[in-house]
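Step one of this worksheet: look at the structure below.
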């Protein structure tokens, strides 16, 4: 039974973790004043803009905007889930991750299943070393051109053709037989149990943490099916997993891109030629779960398909699946190979340089989309151009709102010669009197939140500041109040601790952005207390003003006294002066 991790444990874990030491084991840091700097590991740059603050226990890149805590760094750099990052930090700190008892997920302990899969992989690898058993398997791998080094790196094994050696080795008790069935290592029919994999070259499939969760087996000879995967099990779900993702992460400390291919042998062949960032779907079409996992890992995806009709159909299905995730922030491209070729055969003909040159020329998602649609119509006729707009409309509607969708709409207009509607957000900006692309000034509430996030110890400076602002209905007031209250209870929290307290909050992403908003660059550490106190004072004055006007608004102007009118004029003048001062 797993429970939510108590926030106090996260505070303690971050207090015991030195973010400089953590990041310093992965990239080269150098001292720069009171902070440390490096070239950012999340984007290419020549001049260091990645800063690590030991005081705030926080990292921030002024180039690409990446930022976060020690937990966030492990999630981004090592591609770990939140719980996995916490477990990793706790292991280094010598702590055991507790639970506060609030159940968020229940289920059995799968540790014994993972251990059994590990033992099975060792067994299959041992079988590959037995000349009498595996001569045909070794010969097959040699014919395919794979070296012993690659077989060892990917832990390739062999399932013998005769008998039930796996069942005989591990099926020593009813409990173990049950686990073998749960893992899909053995099957059962008409009351008889037998090894699922026979006479097959075995490819272990790992999850992101490197645990073996399933196997793929390639039969020797002409039997069917040619490839057999583990069935769905408590630890293996084919539509979510990607072969080679763990190995790609091990081979590339900084994964800049991933190449999605169709088979295990394609992944291994590319790795043997130095292209170590390939992964494969497990005999299924690319799913939304696959894409979520891939886009969490890298900023650039290249889907590699055969150039025949089946390959293009598979590519189109992948594109349709990807549309809801296409924001333009991450690149999704498509590479079609020559007829009769796959990545395994082509990389052996052209080498890594030739294959990499093809990858560099892969079509963008939008190019492939419009190329596919254009093939279905006569673009030289008015009817054909109208038709392509009709075909594109339901696809574009699946794209997320934003700049990328606006650009795709513009491309439709350019192709068809039809005027496109102005992007809705530009219309809204005009209605507000603003200009698209121009950063909006933070509200006083947002400024106050940003200052508290960046300088948590400012709370000690606010004892004499009135808190009438708490009565305002403004957006974010409740968040500001909770931040202040939590800091008064725990005044020693760092910026990292404070942000991690909000990780599960719906507005966590917005708070992260506020914590590094450009507004903060204009506020010195010495000037921050006065800036925050001033913002809260103005908010309190706004609350009192609102409460003073409320009864006045309920009365007819004919009921106002001269004193009411004079006081109202004085307050309006004061408000105008305050707005001018704020603008300056």
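Only the coordinates and a few stated rules stand behind these numbers; no lab work does. Everything numeric here is computed off the predicted structure, so don't read it as measured data. All Cβ positions, even for glycine, are placed from backbone atoms using ideal geometry, and neighbour counts span all protein chains on display.
Between the Cα long axis of helix 174-183 and the first principal axis of the chain there is an angle of about 70°, rounded to the nearest 10.
With both labels modelled 7 Å from their Cα along Cα-to-Cβ, the residue 222 to residue 95 distance reads 6.3 nm. For a modelled paramagnetic label at residue 509, 7 Å from Cα along Cα-to-Cβ, the residues of segment 295-316 in reach, with backbone nitrogen under 17 Å, are 295-299. Using C-alpha pairs under 8 Å with a sequence gap of at least 6, the mean separation divided by the residue count of segment 1-105 gives a relative contact order of 33 percent. Using r as the Cβ-Cβ distance of residue 115 and residue 521, and R0 as 51 Å, what FRET efficiency do you calculate, to the nearest 0.05? Efficiency at R0 = 51 Å is approximately 0.50.
P(r) tail, the chain: Cα-Cα pairs separated by more than 31 Å, 63% of all pairs. On full extension, the segment bounded by residue 461 and residue 410 gains 13.2 nm, given 0.36 nm per residue less the C-alpha separation. Using the alpha-carbon atoms, what tilt in degrees (0 to 90, nearest 10) does helix 562-583 show relative to the longest principal axis of the chain? Taking the Cα atoms of the chain, the angle to 562-583 is about 40 degrees. Computed from label points 7 Å out along Cα-Cβ, the spacing between residue 253 and residue 129 is 3.1 nm. Note on residue 339/residue 390: beta-carbon distance plugged into 1/(1 + (r/R0)^6) with R0 of 35 Å gives a FRET efficiency of 0.65. Rounded to the nearest 10 degrees, the angle from helix 403-416 to the longest Cα principal axis of the chain is 70 degrees. Restricting the calculation to Cα atoms, segment 286-333 yields a radius of gyration followed by a Dmax of 10.7, 30 Å. Each residue of segment 252-370 gets 101 Å³ once the volume of the Cα convex hull is shared out per residue. Inter-label distance, residue 287 to residue 546: 4.7 nm, where each label sits 7 Å from its Cα along the C-beta direction.
On average over all directions, what projected area in square nanometres does segment 111-229 have, based on the convex hull of its Cα atoms?
Mean projected area for segment 111-229: 7.7 nm², to one decimal.
Can you work out the FRET efficiency for the pair residue 329 and residue 378, with r the C-beta to C-beta distance and R0 = 35 Å, to the nearest 0.05? Computed FRET efficiency for residue 329 and residue 378 comes out at 0.50. Full extension of the chain between residue 46 and residue 481 yields a length gain of 152.4 nm, computed as 0.36 nm times the residue separation minus the alpha carbon distance.
Pair-distance distribution of segment 176-296: all C-alpha pairs, bin width 5 Å, starting at 0; shares per bin in whole percent are 2, 11, 19, 22, 19, 13, 8, 4, 1, 0, 0.
Can you give the relative contact order of segment 444-553 as a percent, counting alpha carbon pairs under 8 Å and 6+ residues apart?
49 percent.
Relative contact order, whole percent, for the chain stands at 9, derived from Cα pairs under 8 Å and 6 or more residues apart. Counted residue by residue at 0.36 nm each, then reduced by the alpha carbon distance between them, the extension gain from residue 30 to residue 173 reaches 45.8 nm.
Within the chain, DSSP assigns beta bridges of which about 75% are antiparallel (rounded to the nearest 5).
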